[in-house]
Amino acid sequence: MPAIGILLPGSTLYPSIAIDFLQGVRCCLKLNGAGDIALHNMPVGYGINEAEVVAQTEKLLFTHDVDVVLAYVDHRLAQRLSPLVAAAGKLLVITNAGAHYPPTGTTYDNTLFHSLNHNLYSFMTGRLCGSVPAAKKAITATSYYDGGYQHCHAMTNAYTTAGGEIQYNFVSHYKKQEFNLNPLAAFIQNNPAANALLCLYSGDMARCFYEQIAPLQQQFDLQLYGSPMLFDNTPGDFKETNPYVREIKGYTGWLPSLDNEHNSRLTTFFQKEHNKAANLFSLQGWETALLINAFLQQQAEGDTVTGAIEYIKKEQVQSPRGQLRITDGYAVTGPAYQVTATGRLEVQVQKVVEDCTPAWNDMISQIPDTTFTTWNNTYLCI
């Protein structure tokens, strides 16, 4: 039987991220009749130590002779891992939240880049805000941590390209005990025309932001546009009652309540297997396993690594998010859900973009040629 080697992350922000992801992988394989595929798991911390990641990959290839290396690391590590895995004639799947842009200008024929597409949805959210006539003057609000990733550029650049003007960039502390919106409140008080906020927060900072922005939104009638993690209720940040928000809009890729057959299979089977609800990271593991299982089935028919990827690209995979598409650079995208959250983060879908290829191409075309961020740890893994 085939074997999959998995490089798993650690996180203090979302402590169960590796467990949830691995449980999603296992559940998907089991439900699809591939539960006897061997899984070999290796820890890689926050994905910062490249030498450690390479060493663990070598162990998976040389000691365990895996057919697929599934690495929960940032896209940038493709330049180290892809040649190594290709030399062994195997498939590499790099998966993460997608807060950094994918590699461009370099082709890795043996590598799938599977993410939660946070940069794409942030890009679409920025463009959405920029298209609203009453939101042409905006403020960016993010944390020292969240703001260090390229999804921040994707959102603000899309907004300004759509005709909006950034009036103020607010960056908060990344520790709960030091978090406050006082400088932001002062700017809003003195600049009432800047009534739209482009918000990028996750984890504890998302809760802190919601709690402190609520009275300001009420007082100044602020329009909030948020990054995908602001619509997520994954345990680790929202164990308590969800914080209150009058209204926030944006794009995201998955909600537990999506009404389709494949999402029902995930949520029902995961609950049965683990006696808990599926969350964003178990969805991510499930979806990655769908792609790998399709690859292994095609390779069993005698196809090459590249041939099997091209087959999946042509035939397409149906996931709990909806239909997956593979770009020419082997990046995986899913549908985009334009949502509005109100009250205790009660999220409602307003619009569905089934094929995000045009938006993806627009986003890729505006990636700067120069380095503009140095955050190296995998997003959400701190």
Sorted by chain and then number, the residues having a modelled amide H within less than 5 Å of the amide H of Leu197, at least 5 places away or on another chain, are Ile139, Gln223, Leu224, Tyr225
Excluding residues on the same chain fewer than 8 positions from Lys90, give the lysines whose Cα lies under 28 Å from its Cα. Lys30, Lys59, Lys313, Lys314
What spacing in nm lies between the two simple spin-label points modelled at Glu165 and Phe187, each 7 Å away from Cα in the Cβ direction? 1.5
For Arg344 and Asn180, calculate 0.36 nm times their separation in residues minus their Cα-Cα distance, and state this gained length in nm to one decimal. 57.0 nm
Could you check how much of the accessible area of the chain is carbon and sulfur, as a whole percent, using a 1.4 Å probe? 48
Based on the mean of other Cβ atoms within 10 Å per residue, sort peptides 254-263, 151-160 so the most packed one is first. 151-160, 254-263
Express the relative contact order of the chain as a whole percentage, based on alpha carbon pairs under 8 Å and six or more residues apart in sequence. 21
So what's the angle, to the nearest 10 degrees on a 0 to 90 scale, between helix 50-62 and the longest Cα principal axis of the chain? 30
Quick check on the chain: helices-only [θ] at 222 nm, where DSSP H runs of length 4 and up contribute -39,500 (n - 2.57) each and the sum goes over total residues. Nearest 500, please. -12000 deg cm²/dmol
How high is the FRET efficiency from Asp362 to Lys30, r the C-beta distance, R0 41 Å, rounded to 0.05? 0.60
Roughly what % antiparallel, to the nearest 5, for the DSSP beta bridges in the chain? 30
So, relative contact order of segment 1-158 in percent, Cα under 8 Å, 6 or more apart, is 19
Round to the nearest 10 and give me the degree value, 0 to 90, for the angle of helix 261-274's Cα axis relative to the longest principal axis of the chain. 80
Whole-Å distance linking the alpha carbon centroid of segment 73-129 with that of segment 273-303 is 17
Relative contact order as a percentage, segment 224-382, C-alpha pairs under 8 Å and 6+ apart, gives 26
In debye to the nearest 20, how big a dipole does segment 42-122 give about its Cα centre with +1 on each Lys and Arg Cβ and -1 on each Asp and Glu Cβ? 100
Among segment 141-180, those whose backbone N falls under 20 Å of a label point 7 Å along Cα→Cβ from Thr104 are 148-164
Enumerate the amide H contacts of Ile382 below 5 Å, restricted to partners 5 or more residues apart or on another chain; note that Pro and chain-start residues carry no placed amide H. Thr12, Leu13, Tyr14
Find the centroid of the Cα atoms in segment 176-253 and in segment 343-382, then give the distance between the two in whole Å. 18
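Please give the contour-minus-distance gain from Gln318 to Ala38: 0.36 nm per residue of separation, less the Cα-Cα distance, rounded to one decimal in nm.
98.4 nm
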Amide H partners (placed H, <5 Å) of Tyr174, local residues excluded: Tyr144
Using a 10 angstrom cutoff on alpha carbons, build the Gaussian network for the chain and name the most mobile of Ala78, Ala277, Ala141. Ala277
Cα-centre dipole for the chain with unit charges at Cβ (Lys and Arg positive, Asp and Glu negative), debye to 20: 640
Using the Karplus equation 6.51 cos²θ - 1.76 cosθ + 1.60 (θ = phi - 60°), what ³J(HN,Hα) coupling, rounded to whole Hz, does each residue of segment 195-203 give in order, writing x for Gly and Pro? 10, 10, 10, 9, 10, 10, 9, 8, x
Sort 347-353, 48-54, 281-287 by packing, meaning the average of other beta carbons within 10 Å per residue, with the highest value first. 281-287, 48-54, 347-353
Which of [x] 27; [y] 42; [z] 37 is the computed percent of Cα pairs over 33 Å apart for the structure on display? [x]
Using the C-alpha atoms of segment 146-303, what convex hull volume per residue, in cubic angstrom, is computed? 166
Using θ = phi - 60° and the Karplus curve 6.51 cos²θ - 1.76 cosθ + 1.60, what whole-Hz ³J(HN,Hα) does each residue of segment 97-108 get, with Gly and Pro shown as x? 6, x, 7, 9, 5, x, x, 10, x, 10, 9, 10
Evaluate the charge dipole of segment 217-364 about its Cα centre and quote only its size in Debye, nearest 20, assuming +1 on the Cβ of each Lys and Arg and -1 on the Cβ of each Asp and Glu. 340
Once both label points are put 7 Å beyond Cα along the C-beta direction, the Ser131-Ala87 separation in nm becomes 4.7
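The values are calculated or read from the model by the stated rules, or taken from the named source; none is laboratory data. Since the structure is predicted, the reported quantities are computational estimates derived from the model, not experimental observations. Counting neighbours? That spans all protein chains shown, and the Cβs are built from the backbone with ideal geometry, glycine included. To get the accessible areas, we keep the full protein, side chains included, count just its heavy atoms, and leave off ligands, DNA and RNA. Shrake-Rupley method; radii C 1.70, N 1.55, O 1.52, S 1.80 Å.
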